[in-house]
Ligand SMILES: [Zn+2]
């Protein structure tokens, strides 16, 4: 399975995997991106 990097600008970590079995791309949503969480944490310090 090949991972295709795809980061949205909405702060969510969504990635596309090209499947070896069906030769189609599957979108996987990992939820809120790590950089978004760290960004929010920095804001709360202000
Ligand atoms: Zn598949």
Worksheet item: the range 2-44: percent of C-alpha pairs farther apart than 15 Å?
Response: 48 percent
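How high is the relative contact order of the range 2-44, in percent, with contacts defined as C-alpha pairs under 8 Å that are six or more residues apart?
32 percent
Values in this text are rule-based calculations from the coordinates and carry no lab data. What you see is a predicted model, and the numbers here were worked out from it, not measured in a lab.
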